[in-house]
Amino acid sequence: MSNRVTKNKRYEEKVPAGIILSILAAGIVPLIMRTFTYDSHLSGYEWFPSDGTVVDIFLAYKSFAMITIGICMAIALAYRAYEHEKFPVTRLFMVLFAYAALVLISGIASKWKGFAFGGSYEMFESVLVVLCYVMFAFYTFTDVKNEKTVRTLLKWTGIFVLILMLIGVFQGFGADFFATKFGKVLYSTPSFWSSLDSLVIRMPKGTSYSTLYNPNYFSLYLALVLPMAVAAFFAVKEKKARILSGAIIVCSVILLITDISITGVMSLVISGSITILVVLSRNKKPFIAAASILAVVIVIGIVLVVAVKPVQELFLRKINADPTPLTAGTLKDIETNTDNVTLDFKDGSKCAIEYSFDDNSQMTVTAQDKEGNDLTATWNGSSDDITDANGTVLCSVIPKSTEDGQNFVSISVDTREFYFIQDEDGYEYITGSGKLVKLDNDIKSAGVFPEDFFSNRGIIWNRTLPLLPKHIIIGSGQNTFLMDYPQNNYVMKSLLIESETTSIDVKPHNLYLQQWVENGLIAMILYLVAVIGYLVQTASVIRKHDIRKPMTIFAIGAFAGILAHLAAGIANDSNVCTSPVMWVLLGLGFAINEIIKHEDSDTAGNS
């Protein structure tokens with residue numbers, strides 16, 4: 001009697017119609033652009049402009065589309081359950097469901113529920129969107145049941161990926177479609193059509209951002225799609241499929257060379273190195289040789305960076321920001337008091353400034369050092385220059401007045417100007433939006449990173465780390481980082497950019513800090529357990545199965561893509577532009593592993 005077994009219904013060679021939802025999530029959503037005018041509900045905060053009305057182009061409609069797709073997926077799953085389909089719920093998906101539950105709990109417990117569930121300024125990744133992410137992964141996992149479905153999903157998603165990349169490539173060469181009148185008409189609502197010239201996406205010419213809002217998001221996007229495109233090129237023999245994947249690879253390389261940040265390159269290098277080691281671990285000798293070569297390369301790289309000055313300077317230029325008054329200047333901070341404005345300098349010295357105006361609006365300035373000794377204030381025709389005992393100019397105090405004749409001053413230091421006025425509360429700082437605030441130097445900073453580290457990410461990371469201890473169990477709520485983070489660091493922002501109100505820190509530029517602050521340490525751990533668990537599971541599949549087979553090659557591509565995303569997350573956040581791709585790929589990766597294991601059991605049964 002034969003041991004031949006009948007294929008499980010789940011693995012029959014047919015493509016379910018429902019796979020279109022996964023294609024929409026991973027392929028269409030990143031392409032969506034549409035003007036959306038809304039009230040940010042932030043105008044009441046001193047660090048936000050008085051007019052809270054904001055126009056979004058890249059994020060809001062992506063969020064709306066994902067919620068719609070997520071609801072459709074939930075309905076489809078409910079119908080399939082009604083039809084008595086049994087879903088394979090693995091332990092790792094149980095971990096993801098627990099993660100989703102904590103995201104929901106953090107949102108419900110948040111002080112800022114409106115932002116957590118409705119989205120916030122420049123971040124429309126609400127609780128509902130994150131729940132949809134998990135839905136994308138689970139739905140794709142349950143819907144992808146065979147190799148034919150895998151190829152269909154990759155083919156159609158790949159077409160939309162290529163469109164997105166071609167837009168970015170043309171932008172990199174100075175031809176921005178969205179700067180044209182036709183492009184503006186396509187992404188704007190009719191209310192903007194009479195004033196299209198006022199609709200400007202503020203990106204330097206030659207910058208590739210495509211429909212992803214931020215050039216940094218291209219790093220995350222490439223980290224996800226390039227490894228899968230390479231895998232498809234080798235796994236699929238059809239000419240058209242190879243042309244598609246080859247075009248994606250070429251566009252990716254062009255973008256990496258011409259415009260994308262170093263984060264994208266680094267994440268792909270890390271992912272590629274680890275993926276190669278996993279593949280070679282099938283055979284002990286090649287693995288040891290490759291691991292040894294990699295170790296030698298790393299050691300040589302460290303030695304070059306530490307010991308060879310030109311290499312060190314090149315490395316530092318790549319990971320640090322360009323010099324600014326914050327990093328290259330003398331000023332450390334400013335404090336407004338009842339009786340004076342005090343400048344704190346990096347060398348430990350201080351300058352306490354007092355000013356007054358007479359009835360003729362003539363300004364008188366006095367200043368003292370931290371010991372109370374008088375500093376010299378010399379009028380030069382337009383300002384009072386304050387100098388120390390060595391004759392070094394510390395700052396300049398410039399008289400100003402409003403249109404209605406109210407006097408105030410500008411203090412110029414490190415090529416920046418800071419504006420102050422006196423009222424019943426003493427000296428107050430005038431923000432870029434004209435609001436009066438106190439500067440009290442009470443902002444906590446961990447001081448772990450250099451301020452200019454990773455293009456000034458060090459500043460944000462240092463001020464995010466003190467927030468972590470209060471979010472061990474639950475977080476502040478999805479999308480609420482901008483509310484929990486100290487936005488009132490006006491001096492730092494002014495030293496980085498011309499106007500501190502043009503920059504609101506809506507995210508920590510680190511996926512893991514973002515997860516911890518917004519959803520809590522436990523949620524972050526659950527997220528990592530699920531994703532790293534997938535990587536461990538896939539590494540085992542790769543090591544045990546024939547890497548010449550298409551499905552194993554696809555498994556390698558998915559492994560490399562998810563791994564690169566984790567690496568890129570060190571310097572980037574989760575966002576509605578790229579995360580739908582990641583979560584669909586995660587579900588696809590789990591599904592590919594199951595298909596490979598089923599094919600092996602089928603082969604064993606037929607032997």
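The values are calculated or read from the model by the stated rules, or taken from the named source; none is laboratory data. Keep in mind that what you see is a predicted model, and the values were worked out from it rather than measured. Here Cβ is always computed from backbone atoms with ideal geometry, including for glycine, and neighbour counts include all displayed protein chains. These area figures cover heavy atoms from the full protein model, side chains too; ligands, DNA and RNA do not enter into them. Shrake-Rupley method; radii C 1.70, N 1.55, O 1.52, S 1.80 Å.
Out of Glu335, Glu313, Glu417, Glu354, report the one residue that is in contact with a helix residue (DSSP H, G or I) (Cβ under 9 Å, 6 or more places away or on another chain) and either farther than 30 Å from Thr263 by Cα or at pLDDT below 95 (or both). Selected residue: Glu417, the only one of Glu335, Glu313, Glu417, Glu354 that is in contact with a helix residue (DSSP H, G or I) (Cβ under 9 Å, 6 or more places away or on another chain) and either farther than 30 Å from Thr263 by Cα or at pLDDT below 95 (or both). Here Val29, Val15, Val55 are screened, and the one residue that is in a strand (DSSP E or B) and out of contact with any Asp or Glu (no Cβ under 8 Å at 6 or more places or on another chain) is Val55. Would the range 145-152 turn up any residue that is over 26 Å from Arg34 (Cα atoms) and assigned to a loop (DSSP other than H, G, I, E, B)? Yes, the range 145-152 contains a residue that is over 26 Å from Arg34 (Cα atoms) and assigned to a loop (DSSP other than H, G, I, E, B). Take the conditions out of contact with any Phe, Trp or Tyr (no Cβ under 7 Å at 6 or more places or on another chain) and surrounded by 12 or more Cβ atoms within 10 Å (Cβ to Cβ) and apply them to Leu280. Does it pass? No.
Could you please find all residues in the range 74-130 being polar (S, T, N, Q) and surrounded by 21 or more Cβ atoms within 10 Å (Cβ to Cβ)?
Ser106, Ser110, Ser120, Ser126
Restricting the range 332-366 to residues that are over 23 Å from Asp442 (Cα atoms) and in a strand (DSSP E or B) leaves a set whose member that is most open to solvent (accessible area, probe 1.4 Å) is Thr364. Screening Val299 with (1) closer than 25 Å to Val536 by Cβ; (2) at pLDDT 85 or above gives one miss only, at (1). When every residue of the range 76-92 is checked against the conditions, at least one turns out to be touching a Lys or Arg at 6+ places or on another chain (Cβ under 9 Å), of a type outside the set (Val, Ile, Thr) and either at pLDDT 95 or above or under 22 Å from Leu526 (Cα atoms) (or both).
Taken over the range 115-145, residues that are modelled with pLDDT under 95 and more than 21 Å from Thr578 (Cα to Cα) amount to 1.
Taken together, Ile525, Ile553 contain a single residue that is open to solvent by 10 Å² or more (accessible area, probe 1.4 Å), β-branched (Val, Ile, Thr) and either in contact (Cβ under 8 Å) with a residue 12 or more places away in the chain or more than 24 Å from Phe138 (Cβ to Cβ) (or both), which is Ile553. Taken as a whole, the condition of being surrounded by fewer than 18 Cβ atoms within 10 Å (Cβ to Cβ), touching a strand residue (DSSP E or B) at 6+ places or on another chain (Cβ under 9 Å) and more than 30 Å from Val15 (Cβ to Cβ) does not apply to Phe173.
Report yes if Val169 is over 30 Å from Glu518 (Cβ atoms), assigned to a helix (DSSP H, G or I) and over 22 Å from the mean Cα position of the chain (by Cα), otherwise no. It is false that Val169 is over 30 Å from Glu518 (Cβ atoms), assigned to a helix (DSSP H, G or I) and over 22 Å from the mean Cα position of the chain (by Cα). Among the residues of the range 233-248, those identified as assigned to a helix (DSSP H, G or I) and open to solvent by less than 40 Å² (accessible area, probe 1.4 Å) are Ala235, Ala241, Leu244, Ser245, Gly246, Ala247, Ile248. The listed residues are Met66, Met94, Met73, and the only one of them that is among the aliphatic types (A, V, I, L, M) and under 22 Å from Gly475 (Cα atoms) turns out to be Met94. Selection of the range 320-331 for residues being open to solvent by less than 70 Å² (accessible area, probe 1.4 Å) and acidic (Asp, Glu) yields an empty set. Does Val297 count as exposed (fewer than 14 other Cβ atoms within 10 Å of the Cβ), within 30 Å of the chain's Cα centre (by Cα) and free of Cβ contacts under 8 Å to residues at least 24 places away in the same chain? Yes, satisfied.
Name the residue that is farthest from Thr142 (Cα to Cα), counting only residues in the range 43-85 that are of a type in the set (Val, Ile, Thr) and under 22 Å from the mean Cα position of the chain (by Cα).
Going through the qualifying residues, I end up with Val54.
Residues that are touching a helix residue (DSSP H, G or I) at 6+ places or on another chain (Cβ under 7 Å), modelled with pLDDT of 95 or more, on the phi < 0 side of the Ramachandran plot and aliphatic (A, V, I, L, M) do occur in the range 248-255, at least one of them.
Of all residues in the range 528-550, those satisfying the criterion of being open to solvent by 30 Å² or more (accessible area, probe 1.4 Å), of a type in the set (Val, Ile, Thr) and in contact with a helix residue (DSSP H, G or I) (Cβ under 9 Å, 6 or more places away or on another chain) are Val529, Ile532, Ile547.
Residues in the range 382-397 that are among the small types (Gly, Ala, Ser) and under 19 Å from Asp333 (Cα atoms): Ser396 alone.
Among the residues of the range 176-212, those identified as aromatic (Phe, Trp, Tyr) and open to solvent by less than 50 Å² (accessible area, probe 1.4 Å) are Phe178, Tyr187, Phe192, Tyr209.
With respect to the stated conditions, Glu451 is within 29 Å of the chain's Cα centre (by Cα) and at pLDDT below 90.
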